[in-house]
1. Where q = 0.24, 0.27, 0.28 Å⁻¹, what log10 of I(q)/I(0) comes from the Debye formula for segment A:129-195, counting one point per Cα?
2. Relative to the first principal axis of the alpha-carbon coordinates of chain B, what is the inclination of helix B:156-188, with its axis defined by its Cα atoms, in degrees from 0 to 90 and to the nearest 10?
3. Remind me, relative contact order of segment A:286-353 in percent, using alpha carbon pairs under 8 angstrom and six or more residues apart?
4. Calculate the mean, over all residues of peptide A:182-188, of how many other protein chain Cβ atoms lie within 10 angstrom of the residue's Cβ.
5. Could you work out the Rg to Rh ratio of the protein assembly as shown, with Rh taken as the Kirkwood radius (inverse of the mean 1/r over all Cα pairs)?
6. Give the distance, in whole Å, between the Cα centre of segment A:215-247 and the Cα centre of segment A:257-309.
7. At 7 Å along the Cα-to-beta-carbon direction for both residue B:22 and residue A:297, put a label point, then send me their distance in nm to one decimal.
8. If each residue's Cβ is checked for other Cβ atoms within 10 Å, how do A:260, B:18, B:105 rank with the fewest at the top?
């Protein structure tokens with residue numbers, strides 16, 4: 001009988017939750033007004049909407065080979081500098097690296113015809129050219145994150161002579177092995193019709209894809225946790241920064257999106273070495289420089305099975321595959337990445353730069 | 001189903017017949033009274049009517065896919081709720097029990113909905129839904145194009161042509177710049 005007695009602590013918790021709900025607007029900033037990014041940079045080069053950011057050094061001595069980060073085509077680059085204590089770029093600068101980052105910008109209707117060719121052979125190649133000229137080197141190290149990892153892999157295959165080291169962080173490589181629900185949607189997607197009718201892939205579709213990835217953990221539990229922690233200033237600040245980042249994504253140029261869905265998710269050409277950019281075959285076997293593949297075991301956006309095949313497909317003899325017990329964002333913007341991922345990457349890269 | 005298509009054909013024919021008739025009947029007087037954009041608009045009435053009639057058919061299709069979409073979501077919700085009910089009967093009504101209930105609820109709902117989003121039936125229906133939505137959008141684009149033409153403004157297709165031209169030009173310039181850069185480098189060497 002006593003087991004079924006109602007626990008008064010439940011009422012207390014409910015009242016606390018109600019209090020947090022009412023006090024939230026007073027305790028937290030307006031999500032869209034949250035400041036992100038504190039590491040200083042200069043726009044070193046600009047072409048169309050793409051910008052090459054050069055972060056100002058934080059050490060007197062620098063590693064010889066500069067590092068170019070190819071950000072993803074989804075969301076914004078500032079996830080790499082989301083918080084001074086969890087900043088990917090700041091950490092690398094403190095380790096003595098000369099860091100450049102590509103911000104792909106916000107494509108508009110006029111950019112509908114941009115595809116892999118322009119992104120890799122024009123924008124990325126011009127960035128590498130610019131960096132080489134500026135720093136007096138022949139090669140750069142390239143790190144690509146998420147879809148930026150795919151672009152970096154394609155670039156390294158087509159221009160291996162320009163790449164000293166390749167770091168692929170959660171890259172999208174083998175679409176058929178991707179176990180996320182996004183690949184299931186992509187399989188039957190009439191991408192030609194979408195691009196012909198709308199032009200670019202609109203952000204709303206991307207948000208839809210996000211919403212079906214762990215809808216209850218990400219769509220319900222996360223917000224309950226936020227209200228439960230409303231008194232924890234640091235938690236609230238970080239939560240809002242990540243939320244702001246997740247809620248800001250640019251459209252994807254129609255042609256690039258079409259090539260992406262067909263070439264990677266539907267026909268899975270990249271991993272089979274059958275993908276063509278312009279008229280050139282992209283063979284991952286051309287990648288012979290040192291390669292570091294970073295995979296997050298709990299990645300719900302790009303499943304580990306989708307990223308790992310890169311490690312086995314390249315012909316490099318100096319290569320390493322690391323699996324981290326974290327998620328897609330946790331791998332680049334967390335205390336874990338500061339303590340584990342970045343020191344390991346820095347050590348590996350210094351030995352080869 | 002056959003009946004439905006007969007009715008659609010009937011309305012389509014009726015609408016086209018009367019829009020043709022009206023166009024013929026009014027053409028003489030509008031030619032006399034209106035020139036330029038207004039005249040164009042009256043002659044384009046047939047195109048707009050056609051698009052709207054076709055759009056009707058697609059709206060029905062869109063609704064069917066949308067109903068199926070919501071049914072898939074609500075069925076999954078019901079099944080998940082049933083599963084939660086069957087697994088939480090012995091959870092005590094205290095603070096720890098509430099936490100355990102929350103965990104079970106989220107895990108079961110997550111699993112059920114991920115199962116749905118991962119299924120072929122969901123993906124097929126969702127993509128059919130998007131596809132018919134795009135068909136409707138195409139109709140709307142065509143109607144807008146007719147209006148734009150009447151107002152002597154560039155249509156979507158014409159704007160696309162300009163974009164494509166610009167894209168080709170940009171690529172050509174990029175190529176020229178690249179070869180210039182390469183020859184400059186060669187001279188330096």
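Every read-out reported here was derived from the displayed coordinates using simple, explicitly stated rules and does not represent laboratory data. It should be emphasised that the depicted structure is a prediction, and the values quoted were computed from it without experimental measurement. Counting neighbours? That spans all protein chains shown, and the Cβs are built from the backbone with ideal geometry, glycine included.
1. -1.01, -1.14, -1.17
2. Long axis of B:156-188 versus the principal axis of chain B: about 90 degrees.
3. On the way: 83 pairs, mean separation 23.7, N = 68.
Computed value for segment A:286-353: 35 percent relative contact order.
4. Details: counts 1, 2, 7, 7, 2, 4, 10.
Per residue, the average neighbour count from other chains is 5.
5. Rg/Rh: 1.04.
6. Result: 32 Å between the Cα centres.
7. Roughly 6.9 nm, to one decimal.
8. Working: A:260 24, B:18 12, B:105 19.
Starting with the residue having the fewest Cβ neighbours, the order is B:18, B:105, A:260.
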